[in-house]
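Undergrad: Sharing a structure, written as structure tokens. Questions coming.
Where a number appears in this text, it was derived from the coordinates with a stated rule and is not lab data. This one's a predicted model, so the numbers in the text were calculated from it and none came from an experiment. No Cβ is skipped: glycine too gets one built from the backbone with ideal geometry, and neighbour counts run over all protein chains shown.
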Amino acid sequence: MNTLEKLIAANGGTFISAVWQRDCKTRKGCDARIEKRVAAHSLTFGVAYDNRAVVQTARASGELPAENQGLKGFEWETFPRILRAVKTGKLYARLNVTSASRFSTVFLLNGERVDKATVAPLLLASETASGERPTVLNVGIDNLLAVRC
């Protein structure tokens with residue numbers, strides 16, 4: 001277990017800040033390297049999904065199925081903090097989003113910071129979609145640049 005995995009395992013329920021960066025999915029024919037860097041504040045590790053009030057409320061109202069449908073493509077490495085992708089074996093940190101969570105996103109085009117409008121035509125729609133606020137995030141441990149407890 002590396003240092004980051006130990007930090008995640010030891011800080012369950014603690015509010016954290018994290019920064020992660022990953023390559024974006026681009027349209028065919030795009031040779032540029034586009035990366036997305038996210039800085040997030042007021043996240044938590046180690047809270048079981050089914051024990052969260054927001055999940056229990058959504059189940060009671062019918063927004064979510066009455067019973068947990070399980071993890072798709074993942075299995076628990078260290079419940080409820082670290083996941084392992086079934087196909088690749090890659091480890092992911094399970095981050096819980098709270099009502100106080102704040103996100104800041106920056107795009108990098110070949111290492112240079114650019115605005116979203118510059119790279120949007122080169123990216124798949126899933127990379128720029130702003131949908132509902134997630135309840136949890138699975139972030140690749142290899143993509144985590146910093147975690148502060």
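Undergrad: Hey, for a label at Ala32 modelled as a point 7 Å past Cα toward Cβ, could you say which residues of the range 124-139 have their backbone N under 13 Å away?
TA: 124
Undergrad: Please work out the Cα convex hull volume for the range 1-76 and give it in Å³ per residue.
TA: So the per-residue Cα hull volume is 171 Å³.
Undergrad: Considering the dipole of the range 56-149 built from charges on the beta carbon (Lys and Arg +1, Asp and Glu -1) around the Cα centre, which of Gly89, Val147, Thr57 is farthest to its positive end?
TA: So the residue we want is Val147.
Undergrad: Calculate one ³J(HN,Hα) per residue across the range 93-107 by plugging θ = phi - 60° into the Karplus curve 6.51 cos²θ - 1.76 cosθ + 1.60, and present them in order as whole Hz with x for glycine and proline.
TA: Result, rounded to whole Hz: 8, 9, 9, 9, 8, 10, 5, 8, 4, 10, 10, 9, 10, 10, 9.
Undergrad: From the P(r) of the range 76-122, can you give the percent of Cα pairs sitting at distances over 12 Å?
TA: That fraction is 73 percent.
Undergrad: Also: List the residues whose amide H sits under 5 Å from the amide H of Leu124, counting only those 5 or more places along or on another chain, with H placed 1.01 Å from N in the peptide plane.
TA: The answer is Lys25, Thr26, Arg27.
Undergrad: Given R₀ = 22 Å, FRET efficiency for Arg102-Ala129 by Cβ-Cβ distance, to 0.05?
TA: Step by step, r from the Cβ atoms, then E = 0.70.
Undergrad: How long are the three semi-axes of the equivalent ellipsoid of the chain, in whole Å, if each is the root of 5 times an eigenvalue of the C-alpha gyration tensor, listed from largest down?
TA: Values for the chain, descending: 27, 19, 16 Å.
Undergrad: Relative to a virtual label point 7 Å from the Cα of Asp142 in the Cα→beta-carbon direction, which members of the range 68-85 show backbone nitrogen distances below 13 Å?
TA: 85
Undergrad: Can you give the local net charge around Val47? Use residues other than it whose beta-carbon is closer than 13 angstrom to its beta-carbon, Lys and Arg +1, Asp and Glu -1.
TA: +2
Undergrad: Convert each backbone phi in the range 116-126 into a coupling constant with the Karplus relation 6.51 cos²θ - 1.76 cosθ + 1.60 (shift: θ = phi - 60°), then list the ³J(HN,Hα) values in order as whole Hz, x for Gly and Pro.
TA: Values, residue by residue: 4, 4, 5, 9, 3, x, 9, 9, 5, 4, 5 Hz.
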